Amino acid sequence: MANTTTKRIASIDIFRALTMFFMIFVNDIPGLRDIPHWLRHAAWNEDMLGFSDLIFPGFLFAMGISIPFAIEKRFEKGDSLLQVVRHIAERTIALLVMGVFLVNTESMDGASMILSGNCFNLLLILAFFLIWNVYPKADKPKKYIFLAAKTTGIAILVFLFLIYKGTDGETFGPHWWGILGLIGWTYLVSAVTYLITRRNLSYACTAWLLFLALATMTHAEVFSLPFIPSDMTLHALGVSGVFTSVLLSHYTKAKQPRNFIILLCGIGAVMFIAFLATHNYWIISKIQATPSWLFACTAIFFPLFGLIYWLTDIKDKTNWFAIIKPAGTATLTCYLIPYIWYNIQWLMGWNYPAFLGAGIPGLIKSLLFSLIIVQITGLLVKGGIKLKI
């Protein structure tokens, strides 16, 4: 058991790093002109799988893969089931809180607030870092300094909540959960699912098939499960990652990595057939989270993870991805840093040269921006600044 849970799997970090790197990239390109349409998100009723439509589900899939390893590591360290459940609840609440705060910044009436919208956002990100930074274990007085930092962060959140005023009198609330909130709900469902199935391969497979069926049937309006928050399609992506992780542990223990990769490719082929079948009834739509989008994504993710696993954990080519490593090990930190830059940029009125706003130069700018954010993340981690929930 120790070999399958304590050993860090390089491909998991790299898969997560790739999704985070490209998440920063696709979040930076919407304002660009004259770029290929396939790079963008598809519109609400557009039947298309844009490159941007693959990144968020890819992150949910990667998160699902990491959940079993993280939970088993806690059990190995001596945590009880109750402690693990508490940890899952705390992580979920943290993601929901961050998600809801970020969502409400999208509809603020800055003219009626004590702070401008940009200052509000910068204080919000500061609060996140103060509350959820990984502080080193320390004796007095540093221990109290770290506690004061966390308390200050909570106080800032309370202050921002109290002064918030939405556009047209809109109140503060979960108008939608935001990316982090949606991640939080899928994390909760996927983690609880794993606690039920653990490393039992047949149970994990059954749970995975069940979630695929639930995602399809709820969108077909056969029935609904209102007591499960968020969209079942997103949960199916997370549980697909959990199933992949259980498969990985099973075949690693049996020392059959080749069979694991072949199986992932086979599952990808089956998902493609499911995509073709469901595409007769639903368009491919990330916004609508349609079953055809789910099956198209998983048809890509299963064999893609197999390829990354082969390159890194089998062929030891991990160094190929070293430049984006911080995005996979300090993911939340990496995700939030662009918010700091964008708000400072808007606050100061800084603009890129016009030629960087379109075409190939614009895309290169966005790729370099993503790379710079990842490198800044690595520097912050070295300096003792890293968010973890």
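The values are calculated or read from the model by the stated rules, or taken from the named source; none is laboratory data. Remember, it's a predicted structure, so these values are computed and weren't measured experimentally. Counting neighbours? That spans all protein chains shown, and the Cβs are built from the backbone with ideal geometry, glycine included. Side chains are part of the model used for accessible areas, which takes the heavy atoms of the whole protein and leaves out ligands, DNA and RNA. Shrake-Rupley method; radii C 1.70, N 1.55, O 1.52, S 1.80 Å.
Some points to look at:
- Residues with amide H under 5 Å from that of Lys317, placed H, sequence gap 5 or more: Thr312
- Accessible area of the chain belonging to carbon and sulfur atoms, whole % at 1.4 Å probe: 67 percent
- The stretch between Leu147 and Ala269, if pulled fully straight at 0.36 nm per residue, gains 38.8 nm over its current Cα-Cα span.
- Average accessible area per residue (Å²) across the chain - probe 1.4 Å, nucleic acids and ligands excluded: 48 Å²
- Computed E for Ile196/Ile283 - FRET, C-beta separation, R0 30 angstrom, nearest 0.05: 0.35
- Close amide H contacts of Asn200 (hydrogens built in the peptide plane, cut-off under 5 Å, sequence separation of 5 or more or a different chain): none are found.
- Extension gain, His175 back to Ile360 (0.36 nm per residue minus Cα-Cα distance, nm): 63.0 nm
- Computed about its Cα centre, the charge dipole of the chain is approximately 1740 debye, with only Lys, Arg, Asp and Glu carrying charge at their Cβ.
- Full-stretch length increase - His87, Leu371 - with 0.36 nm per residue and alpha-carbon distance subtracted: 99.1 nm
- Shown in residue order for the range 350-366 are the 3J(HN,Hα) couplings computed by the Karplus curve 6.51 cos²θ - 1.76 cosθ + 1.60 at θ = phi - 60°: 7, 10, 6, x, 4, 5, 8, x, 7, x, 4, x, x, 5, 5, 4, 5 Hz (x for Gly and Pro).
- Derived scalar couplings between HN and Hα for the range 133-138 equal 5, 7, 8, x, 5, 8 Hz in order, rounded to whole Hz, by the Karplus curve 6.51 cos²θ - 1.76 cosθ + 1.60 (θ = phi - 60°), x for Gly and Pro.
- Near Met108, the amide H atoms lying under 5 Å from its own belong to Thr167; only residues 5 or more places off or on other chains count, and H is placed 1.01 Å from N.
- Computed over neighbours whose Cβ is under 11 Å from that of Ile287, the net charge equals -2, Lys and Arg +1, Asp and Glu -1.
- Trypsin sites (Lys or Arg not before Pro) restricted to the range 3-97 and DSSP loop, no more than 13 other C-beta within 10 Å: Lys7, Arg8, Lys77
- Cα centroid of the range 311-389 to Cα centroid of the range 100-173, whole Å: 23 Å
- Loop-located chymotrypsin sites (Phe, Trp or Tyr not before Pro) in the range 185-248 whose Cβ has at most 13 other Cβ within 10 Å (DSSP): Phe223, Phe227
- Selected from Ala43, Phe59, Ala70, residue furthest toward positive end of dipole (the range 1-101; charges at beta carbon): Ala70
- In this calculation the C-beta distance from Ile114 to Ile154 is compared with R0 = 22 Å, giving a FRET efficiency of 0.70.
- Across the range 379-385, computed HN-Hα scalar couplings (Karplus, 6.51 cos²θ - 1.76 cosθ + 1.60, θ = phi - 60°) run 5, 5, 4, 4, x, x, 10 Hz from first to last residue, x flagging Gly and Pro.
- Estimated purely from DSSP H runs of n ≥ 4, each contributing -39500 (n - 2.57), the mean residue ellipticity at 222 nm for the chain is -22500 deg cm²/dmol once divided by its residues.
- Subset of Lys73/Lys140; Lys253/Lys382; Lys143/Lys388 violating a 26 Å alpha-carbon distance limit: Lys73/Lys140; Lys253/Lys382
- Computed over the chain, the P(r) tail beyond 27 angstrom holds 53 percent of alpha carbon pairs.
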